[in-house]
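The values are calculated or read from the model by the stated rules, or taken from the named source; none is laboratory data. These figures come from a predicted structure and were not determined experimentally. With ideal geometry, Cβ positions are generated from the backbone for all residues, glycine too; neighbour counts draw on all protein chains shown.
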Amino acid sequence: MPTEPPRSSKKASDTFPQPSAEAIAHSNKVKERIIAAIESAGGKISFEAYMNLALYAPGLGYYSAGLKKFGRLGDFITAPEISPLFSQCLAIQCRHIMQQSGLSTLLEVGAGSGIMAIDIMQELERQDSLPEQYLILELSADLRDRQQKAIEDKIPHLASRFHWLDQLPARPFNGIVIANELLDALPVHLLRLSGTQSFERFVALDKEQEFIWQDQSIEEPRLNTIADEVRDIHLSMQTLNDKPGQDYITEVNLLAMDWISSIADIMEQGAVLLVDYGYTAREYYHPQRFMGTLMCHYQHHRHDDPFYLPGMQDITAHINFSHIARSAEATGLTLCGFTTQAHFLMAGGLVELTRDLDPEDVVHFTETARQIKMLTLPEEMGELFKVILLAKGKPLSLPAFQFQDFSQRL
Ligand SMILES: C[S@@+](CC[C@H](N)C(=O)[O-])C[C@H]1O[C@@H](n2cnc3c(N)ncnc32)[C@H](O)[C@@H]1O
């Protein structure tokens, strides 16, 4: 394949970073892998299958191929990479759960660079509340490797408490499951509602072997049910046809719903604490959100073309927390709290953790203030990011949900 920048519209703009020849060559390999999948499937694959290959094709996909993804040198930045305060607040809530339940196992799923695990364990050590074990389930072999090195490097004295899993633990699992920005990285199905018809979006190839959309009537019953739910929400807002002729595109994260159900299945007693960006169903499927929430990140530039540089850019969709709560409750978990990241952090320890900051130490003080703003301001991560708490066995009550609990909106 040619080592020229791929065909693109917005990406040709002056400010959009131009990929290196190496990046294009790598992306071409990923593209070949996806083309082979399309051809062997008879001409098209679901968008979920496309996203799965672009992100996770072994050794090739965005998360699997050893790229620098997180932080300033990567494509996007997550809360634990912004500030240790985020993980310290999570640690404080985990300590409350351990005290209320007697549990002593943490399981982090999708641990990225490993920094959240390190900061949580350091905070729990400071509070003399270390769990017996900290399990990590990470899909990407490359990231797992990086997590192991970071833990050996930063907290060697705690390394023996860490264990990496290849799959969810067997039932009965007793412990606390935590994940930051895991669910938004799971591949989604795309739907297009057009008038009274509902389609699922597939990925096919044009004559030049470029990716194109191919839509077909929905076959998967769960997707049909959700298409009906979207229409019901639009009807209830009395704006079914807000803009005549305007199609409505949205995402459905069946994998996230299945994931929470499988956690419920293995859990005997425990808690699940998830942080991610997203909305309740009524906000998610609001008529005005007619382009959906699918987003791509390339070197801190955001755009909406998932066919651009497959394997080199992140592809993500917001989380429908109503679907997560519903799937969880249907499989035996209890909803114990739902709030914004800002409320969670402010009520969950941020104030206490920063009380003794010394304003005379100007550099540290200013930097910490910047981090807190990023984590909590409504126009940064404060409102878009939400935290949901689910439990099995003993009901839980955490300080972090005591400022505001929006559970009834789910
Ligand atoms: C957006 S990153 C977030 C990383 C980290 N939690 C953070 O906040 O910086 C998503 C992470 O989830 C991992 N991941 C995706 N699907 C997974 C799955 N099914 N099981 C375990 N890890 C998964 C990815 O490899 C990656 O580490």
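Data for the structure
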item: Candidates Glu123, Glu81, filtered to the one that is within 24 Å of the chain's Cα centre (by Cα), free of Cβ contacts under 8 Å to residues at least 40 places away in the same chain and closer than 17 Å to Leu182 by Cα; result: Glu81
item: The stretch 312-342: number of residues that are modelled with pLDDT of 95 or more and not in a strand (DSSP E or B); result: 17
item: Number of positions in the stretch 132-160 that are away from the ligand (no atom under 16 Å from the Cβ) and surrounded by 20 or more Cβ atoms within 10 Å (Cβ to Cβ); result: 0
item: Any hit, the stretch 189-202, residues being touching a helix residue (DSSP H, G or I) at 6+ places or on another chain (Cβ under 8 Å), of a type in the set (Lys, Arg), away from the ligand (no atom under 13 Å from the Cβ) and more than 23 Å from Lys392 (Cβ to Cβ); result: yes
item: Helices (runs of 4 or more DSSP H) completely within the stretch 71-127 that count 2 or more residues being over 17 Å from Val275 (Cα atoms), more than 16 Å from the ligand (Cβ to nearest atom) and assigned by TED's automatic domain parsing to the domain that holds Phe385; result: 84-101, 115-126
item: The stretch 22-36 residues that are more than 19 Å from Asn52 (Cβ to Cβ), paired with ones that are among the hydrophobic types (A, V, I, L, M, F, W, C) and buried (at least 22 other Cβ atoms within 10 Å of the Cβ) (beta carbon under 8 Å, 6 or more apart); result: Ala23/Leu309; Ala23/Met312; Ile24/Leu309
item: One residue from Leu353, Leu375 being hydrophobic (A, V, I, L, M, F, W, C), crowded, with 18+ Cβ neighbours inside 10 Å, over 21 Å from Thr280 (Cβ atoms) and over 20 Å from the mean Cα position of the chain (by Cα); result: Leu353
